[in-house]
Amino acid sequence: MKQALVFADRDGRELNPLNENYSPAMLPIAGRPVLENTLILCQAAGIDEIWLVTGDNDFELRSYFESGARWSLVIKYLRARAGEHPANVRKRIGSRLDSGVVVLRGDIYRSLDLLTKAPDGQSDTSEFKRELYDWISEHHVNQNLDPLAWPPSSNTAEFSGEAHHLIKSLKDYHYLATNESASAVELIQPGAQSDLHHSSIESGTTTLGDYSRVEIGARLNGNNAIGSSCLISRGAALENAVIMNGSFVGSGMQLSNCIVDHSRVMRVDLGVCLDVEDPFFVSSNANPINTSFVLIVFQQALAAVLLLLTHCGVGFFNPTPEHRRCTQRRLARACKGEIRLFGRPRTTAPDISPNMPWTEAYLAVPEGAISPAELQFGSNASPTVISLAEIESNRPLSISVVARLTCAYFRRSVVVQ
């Protein structure tokens with residue numbers, strides 16, 4: 001059995017603030033984490049067992065790779081101590097490592113181009129595996145492991161080259177994510193259950209992760225890498241952008257030469273990081289409890305509280321008798337779970353023609369007791385403005401979103417009263 005000792009214990013502080021959600025080994029490039037390429041090459045070289053050395057925040061890494069069965073590998077995990085030298089890790093494992101075990105870093109991006117040279121027949125397979133094994137064998141366990149230590153020293157320069165890429169900065173990662181994705185496809189590479197119309201791509205190439213959607217009307221130029229579970233709204237424009245997993249880009253946003261991680265935009269060409277507070281522009285697209293029992297009960301309980309307050313004359317930003325009765329009826333329906341707490345009004349505005357291009361989209365917005373659009377623009381705003389705002393603000397609810405809208409409802413009430 002051939003073994004490999006793979007180090008994936010970097011905390012990624014040189015990639016701040018991206019390291020808050022990703023370790024260097026788990027950064028996605030061309031649809032796969034950096035570490036996965038290393039494991040694929042190890043398996044192709046005939047290695048059977050991997051000792052994977054991780055850092056403190058290794059939950060995501062362990063959850064993704066698990067036992068290694070998906071790659072026909074046996075993965076054993078060992079957590080490194082803070083600042084621990086690779087030689088000390090080797091000593092802790094002891095005799096469980098063979099004398100000829102290969103030692104390498106797993107947070108260095110390795111291209112899979114060499115696998116395209118694999119022989120079709122079986123006669124040259126053993127020779128190809130031997131060449132591949134020698135190629136990935138940066139060090140052996142009986143050698144000096146100083147060059148594998150992190151932070152890197154001058155000796156680490158031996159990892160550089162066309163096939164080995166050491167990610168030491170956000171600029172390094174952005175370059176790899178956009179260029180490796182571009183080299184992998186000619187125009188579009190959609191993931192599983194993803195949605196991207198070719199008319200959105202004006203130039204360059206785009207890779208799209210699983211369960212992601214780019215709405216018609218979005219504009220894509222250059223080389224873009226969009227992760228999994230992302231939503232790019234119509235009217236958004238991307239150019240040489242990296243959109244991390246679970247991110248939302250709103251209508252009207254123009255992003256170039258940047259990395260977007262939820263509500264954070266990192267311009268790699270300017271070295272600037274911006275936290276966007278308004279979720280209309282960029283935010284998290286993750287919704288772990290969208291239809292959960294907890295969210296439903298939370299909305300019903302909150303609707304009951306608001307209904308009780310309305311009977312006391314509290315919580316109206318348009319305190320006319322007709323509006324009071326209408327609000328109370330809607331809140332009562334929300335208490336019963338018939339409608340959402342926040343959504344479009346029950347009836348469409350009379351000024352909206354059925355022939356308008358957005359009428360169908362407006363009617364698809366779930367009905368709710370309180371209109372988010374009216375919270376923003378007021379109940380006396382133009383019906384056209386209200387309907388379009390309802391469409392743009394229609395996103396999956398979560399407890400945090402419901403709480404934020406409730407605060408906006410009371411702030412609006414206080415201002416008007």
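What the table below lists for this structure:
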| quantity | calculated |
| --- | --- |
| Whole-number Å³ per residue for the convex hull built on Cα positions in segment 178-284 | 77 |
| Residue order, fewest to most beta carbons within 10 Å, for His85, His197 | His197, His85 |
| Two-site label geometry, His311 and Ala69: point separation in nm, points 7 Å out along Cα→Cβ | 5.6 |
| Proxy reagent accessibility, fewest Cβ within 10 Å first, across Tyr211, Tyr173 | Tyr211, Tyr173 |
| Euclidean distance between Cα centres, segment 83-115 to segment 200-249, Å | 36 |
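Read-outs: derived from the displayed coordinates by stated rules, not from any lab. On a predicted model such as this, the values are computed, not experimentally measured, just so you know. Positions of Cβ are generated from backbone atoms using ideal geometry, with glycine treated the same way; all protein chains shown enter the neighbour counts.
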